[in-house]
Structures are given as structure tokens and as C-alpha cells.
Amino acid sequence: MTATRIVIFAKAPVAGSVKTRLIPLLGAEGAAQLAATMLQATVAHAIDAGLGTPELCASPDHGDPAWKDLLPENLQLTDQGPGDLGKRLATAALRVTGTGERLLLIGTDCPALDGNHLRTAASQLDTYDAVLFPAEDGGYVLLGLNRFDPTLFHGIAWSTDGVAKETMKRIATLGWTLFVGPTLRDIDEPNDLDPA
């Protein structure tokens, strides 16, 4: 059975540089604390999924003091490297799929994305070329891949409500099969914290 690697894309939870759209509601320190809590929850879910050692793809690089005391030892650490989000995601996806592993690419903004979701996504890669779990805001919270193509990442208008649809369209253009999972809620804006 082909190994599946969970790669968590994350920014260090430094006050003033993360969850900036939540700062008016929570303050810089509160937004950073929320980011740290969501990061730790995401890592715990990734470990709980039982798919092998998860990888944290960090910005700034994982040697930065901002990461100190945040991460468990059973985590592989890599750096996101330079470029816009699309370039950094593409670099990670190519690196993992290039080793023959399958990839589950996730962020830290979706507390609802748990170990069961991750196991489901991995199992769907037995049948499908790609797996995508949409976000309520039009993005996605998980992208699973059996193979790499740069068109999935280049020229995407990130942080807009069309990211998931555009990615699905590009997967269809490639002729790949796609499993679409449940739509989940990201925590990016003050309204996202309202449970209603």
C-alpha cells in the first residue's frame, strides 16, 4: 500500500502576523493564541489519523524561535521556502509526490478537520486521483493528490471564494478523477467564530 503523507502548512503564531483579520475582534495576542491553539489541534488530529509521521511545512523556517515549545517531537519539520502561496504549495506537493507518496495537504484554519476526515481522504486516494474538502468560504481545507501537476497551484486567486471551484475545474481539465468530501468551516473572519 502506498504511503500517505499529511503536510500541514502553517505560519508561526506570532502576534500581529497571523489571523490578522481577527485582530479587530481578538487583539493581536488573542489572534495569535487562537492560531497556536488551532495549530496544536491540527497536529494532534494529523497524528491521530495514524497515517505515519505528519509533516509541518513551516513559515518562517522551522528553526525560528517562534516555533519553540509549540510542536511535539513526533513531527517532521520542513520549510515552506520562497514564493507566493501557490509556489510554496506546489513545491511541497512536487516534493512529496515525487517520492511516490500520496499527499494530504492541509492548513491549520479548520478545527473540524479531524482524524476521521484525514483517514477518509487517504482511503479515497485508493480510488481517485485527487480528493478535495471544500471550505464554506469557497476555499478548501484539504487537497489530496496521487500525482502532481503545477496547474493546480499556479495562477490561483488565493483567499477568494473561487479557489475550490477553480481547483476542481483544473482537476477536471487534467482528466483526473476527484472525490469531493464534506464542506467544512475555516476560521478566518470574525463571523467564522459565530457558531450560528
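Put simply, the C-alpha atoms of the stretch 52-97 give a gyration tensor, and the ellipsoid matching it has half-axes of 20, 14, 6 Å, longest first. When a 1.4 Å probe is rolled over the protein heavy atoms, the share of accessible surface on the stretch 49-128 that falls to carbon and sulfur comes to 50 percent.
Taking label positions 7 Å along the Cα-Cβ direction at both Leu70 and Thr2, the computed distance is 3.1 nm, reported to one decimal.
I want to verify a result. In a Gaussian network model of the chain, Cα cutoff 10 Å, which of these has the top mean-square fluctuation: Ala15, Ala135, Ala49? Of Ala15, Ala135, Ala49, the most mobile in the Gaussian network model is Ala15.
Percentage of Cα-Cα pair distances in the stretch 1-105 greater than 19 Å, rounded to whole percent? Here the tail beyond 19 Å accounts for 47 percent of pairs. Quick one: compute the contact order of the chain, relative version, from alpha carbon pairs under 8 angstrom and 6+ residues apart, as a percent. Relative contact order for the chain comes out at 23 percent. Between 0 and 90 degrees, the angle of helix 23-48 with respect to the longest Cα principal axis of the chain falls at about 40 degrees.
Summarising the amide proton neighbourhood of Phe9: residues at separation of 5 or more, or on other chains, whose placed amide H is nearer than 5 Å comprise Cys57, Ile106, Gly107. Counted residue by residue at 0.36 nm each, then reduced by the alpha carbon distance between them, the extension gain from Asp161 to Leu178 reaches 4.1 nm.
Give me the 1.4 Å probe accessible area per residue for the stretch 1-122, excluding ligands and nucleic acids, in Å².
Working: 5540 Å² over 122 residues.
Computed with neighbouring chains in place, this is 45 Å² per residue.
Taking a Cβ cut-off of under 10 Å around Thr42, the surrounding Lys, Arg, Asp and Glu residues balance to a net charge of -2, with basic ones at +1 and acidic ones at -1.
Could you please report the charge total around Gly100, scoring K, R as +1 and D, E as -1 over all other residues with beta-carbon less than 14 angstrom from its beta-carbon? Don't skip to the answer; put the middle values down first.
Details: positive: Arg5, Arg95, Arg102, Arg147; negative: Glu101.
Summing Lys/Arg as +1 and Asp/Glu as -1 gives +3.
Once Lys and Arg get +1 and Asp and Glu get -1 on their Cβ, which of Ala3, Leu77, Ala66 lies farthest toward the positive end of the dipole of the chain? Selected residue: Ala3.
Roughly speaking, what is the stretch gain from Thr99 to Glu29, that is 0.36 nm per residue apart minus the C-alpha to C-alpha distance, in nm to one decimal?
Details: separation 70, 0.36 × 70 = 25.20 nm, distance 3.92 nm.
Stretched fully, the Thr99-Glu29 segment lengthens by 21.3 nm.
Lysine pairs in the chain whose alpha-carbon atoms fall under 21 angstrom of each other, counting only those eight or more residues apart or on distinct chains, come to 6. Net charge dipole, the stretch 6-71: roughly 240 debye, given to the nearest 20, about the Cα centre with Cβ charges of +1 for Lys and Arg and -1 for Asp and Glu. Computed about its Cα centre, the charge dipole of the stretch 51-196 is approximately 660 debye, with only Lys, Arg, Asp and Glu carrying charge at their Cβ.
Under a 5 Å amide H cut-off, with hydrogens placed 1.01 Å from N, Asp79 pairs with Ala58 among residues at least 5 apart or on other chains.
Under 5 Å from the amide H of Leu184 lie the amide H atoms of Ala135, Glu136, each residue being 5 or more positions distant or on a separate chain, with H modelled from the backbone and absent for Pro and chain starts.
The values are calculated or read from the model by the stated rules, or taken from the named source; none is laboratory data. None of these values were measured; they are calculated from a predicted model. Don't worry about glycine lacking a Cβ; one is built from the backbone with ideal geometry, like all the others, and counts go over all protein chains shown. Note: accessible area is taken over every heavy atom of the protein model, side chains too, but ligands, DNA and RNA are not part of it. Shrake-Rupley method; radii C 1.70, N 1.55, O 1.52, S 1.80 Å.
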